[in-house]
Structures are given as C-alpha cells and as structure tokens.
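Everything below concerns the one structure shown next.
The values are calculated or read from the model by the stated rules, or taken from the named source; none is laboratory data. Nothing here was measured: the structure is a model prediction, and the numbers come from that model. Here Cβ is always computed from backbone atoms with ideal geometry, including for glycine, and neighbour counts include all displayed protein chains. Just so you know, the surface numbers come from the protein's heavy atoms only, side chains and all, with ligands and any DNA or RNA stripped out. Shrake-Rupley method; radii C 1.70, N 1.55, O 1.52, S 1.80 Å.
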Amino acid sequence: MAEQRNLSISGGLTGALVGLAAELALEEITGMEIVNGLLAVIGAGFGLIRIDRRIYEGTVNLLKRVPVEPNSDYRDVLEQIDEMSLELPELRESFVKLVQAGIEAQKA
Amino acid sequence: MLGLNSLSKLFRKTIGPRIEALGLLPHRYYLHRALDALEEDDIDEAVRMVTLAGNDKKDARWRLVCQQVIFRCRVLASQHQKQLDRFETEIEIFGKPSKLNNTYLRLQKAEESARDILRSYELSLFNQLNVSKHDSVTAE
C-alpha cells in the first residue's frame, strides 16, 4: 500500500518564518550576513571548480574592453591588440584561437 | 549548513586575510580572486593575487592570468598616455591659460602618476613571468 504524504501549508509557512527569524537573529547577534555569506561561498566554490571557464571568459572580456576610437577601423584595433600583447605568447595564442573561432562561426 | 557557513564567514572576517596573505590557500583560489579583481579593474588587488598564486610559475593557468593582468595594465596605461598627449596638444594650441594653469598641471600630474603606477605593476609581473621562463630554460 502506497504511503500517503500529507503536505501542510501552514507548517511550511511556520518553518520559513522560523528560518527567517533565526537568520535575522544570527545576523543581529554576530553581525554576519548568513545568506550573502552562503551565496559567496557557493560562488567561490563554483569559481574554483570552473577556473578554466573563468580564464576563458577573462580573455574574452579583455578583448571586449579594448578601447576603440570612433574613427578607427578593425585594422587599427588589431594593430593595437598586437602591440599590447607583445611578449605575452600564451595570451596571444588565446586571442588567435578566439579570432579563428569567430571566423569559423561566421563561415558556418 | 548554517553553522558551517557561519564558521567560514567568521574565518573570512578574522584570520582569513592573514592566511590569504601567507599564500597558504589553494593556487586556484588566488587565480579566482585575481580574475575577480581584474574584472573590476582593481589592478592592485589583481597583481597581489597573481603574485600570491605564483608559487608554480610554470603553471599554464598562472601564466595566462598573469599575462591578462599585464595586458590590462598596458591598455589602461595607454589610455592615460593618450589623455596626457591631449593635454599637451591643447596647451600647445591654446597656450597656458593662467586661471586653468593649476588645474591642468594637477590633471597632468594625476595622469602621469596613474600611468607610472600601471607601468610599475606591468614591470613587476613581467619580471615574474621572465623568472618562470628563465627557470624552464635552465631546467631543460
């Protein structure tokens, strides 16, 4: 015989209220933001695990944030990137891979 | 879970920064923090974190993050240089207006000092990169 589950809305609400009260009380007593702290820890954990993804995103952001003068064309921008990445071989390689990926995506 | 979080938060607020400064935390932690700082253009913190993560300078991830910070330093320094050039051109064309003279000089000094700070950061990281390159050549 299947076990019947009884869900109590009032019980759920009471639990949520008690949780909120506990968090507020802890925050008042210790001065620490529990939920924010928890989110920060979770975020840092994911960041540590996904470091390669973060490095890739960092490289893309770096390119996006290269300032472009209003009158300059793409050759000027490429020249600027080339100049700024002198003697930075690994970063240069990443930039080339990104550009190649962009060209491939356009072709497709 | 709540207790664990409180403990970790307490750790981060009390002895965390001291342990962080000792370079005892995992290598990836510092890289993660360096990338965060770089995203916010907090170059000082990014350089500090990259330096702390630099125990293994042959590590490909460290080298890439280090080069990202150097690249950003160069971009920002070039912006300050352009601003300085603009000031000089304006002064050459319009002459030094007496009332604005002090303001111009102050702005010029601020731009110069920002550029120099960024260049010193770049140099410091570049030396670290070259040390790692030199080490790998010696090992071969």
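Here each label is just a point 7 Å from Cα along the line to Cβ, and for B:LEU123 and A:ASN61 those points are 2.8 nm apart. Peptide A:88-95 has a mean shielding of 5, counted as Cβ atoms of other protein chains within 10 Å of each residue's Cβ. Exceedance of the 30 Å cut-off in Cα-Cα distance is limited, within the set A:LYS97/B:LYS57; A:LYS64/B:LYS82; B:LYS58/B:LYS109; A:LYS97/B:LYS58; B:LYS57/B:LYS82; A:LYS64/B:LYS57, to B:LYS58/B:LYS109; B:LYS57/B:LYS82.
Here the Karplus curve 6.51 cos²θ - 1.76 cosθ + 1.60, taken at θ = phi - 60°, turns the phi angles of the stretch B:79-84 into couplings of 5, 5, 5, 4, 4, 4 Hz, with x standing for Gly and Pro.
At a 1.4 Å probe radius, which order do B:ASP59, B:ASP116 fall into by accessible area, largest first? Could the numbers behind the result be given before it?
On the way: B:ASP59 35, B:ASP116 80 Å².
So the residues, ranked largest to smallest area, are B:ASP116, B:ASP59.
Just counting partner chain Cβ atoms within 10 Å, what average do the residues of peptide A:54-61 show around their Cβ?
Values: counts 8, 8, 1, 2, 11, 5, 0, 5.
Rounded to a whole number, the mean comes out at 5.
Protein-only accessible surface at a 1.4 angstrom probe places the residues A:VAL60, A:VAL96 in the order A:VAL96, A:VAL60, largest first.
How many Cβ atoms of partner chains, on average, are near each residue of A:11-21 if near means within 10 Å of its Cβ?
0
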